[in-house]
Amino acid sequence: MRCIEIKVKDLPSIRFNLYKKEAPATCDAFIKVLPLEVDALQARFAGEEIWVKDGPSLNISQENSTVNLKVGELGYAPPISRNEVGRSIAIVYGEAKLSDCVNVFAYVYEEDLQNLKKLGEKIWTEGKKTLHFGFKEA
């Protein structure tokens, strides 16, 4: 089974299970653009969210969409979004409510949740970090 993995310099990697049944088009399209390197910021206006403004341009429509992600979920805003969040990537590591819907397509491994929270806090206190997205067999 494939999983998404995020690596950040000087931090443990963070793995995500895919919501293949709930968001098949988003999962397939996102995996096809991997490996991917992007800069992430803190989105405190939404809560405890790691935000990538300029994600890949995926040719998908909304599926499994919400503004209320659960802690540890990974979302992607299709380019058809109604505002400037189109093509963004959202990773929620605490309480958050997004400004627009994203396709929720993966969730963090339980054993990696603390590493995700640590990454979110580092971005909050230190600023932008470069995320390296890849996939691996789990």
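The values are calculated or read from the model by the stated rules, or taken from the named source; none is laboratory data. All figures in this text were calculated on a predicted structure; none of them were measured in a lab. Note that each Cβ is placed from the backbone with ideal geometry, even for glycine, and that neighbours are counted across all protein chains shown.
Some values worked out for this structure:
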{"item": "Residue check, E95 assigned to a strand (DSSP E or B) and more than 20 Å from L131 (Cα to Cα)", "result": "yes"}
{"item": "Which listed residue, of V67, V92, V104, is closer than 13 Å to A46 by Cα, modelled with pLDDT of 95 or more and out of contact with any helix residue (DSSP H, G or I) (no Cβ under 7 Å at 6 or more places or on another chain)", "result": "V92"}
{"item": "Complete set of residues in the range 122-138 that are under 17 Å from A40 (Cα atoms) and touching a residue at least 12 places away in the same chain (Cβ under 8 Å)", "result": "K122, I123, W124, G127, K128, K129, T130, L131, H132, F133, G134"}
{"item": "Search result, residues across the range 6-30 that are closer than 13 Å to I60 by Cα and either among the β-branched types (V, I, T) or assigned to a loop (DSSP other than H, G, I, E, B) (or both)", "result": "A23, T26"}
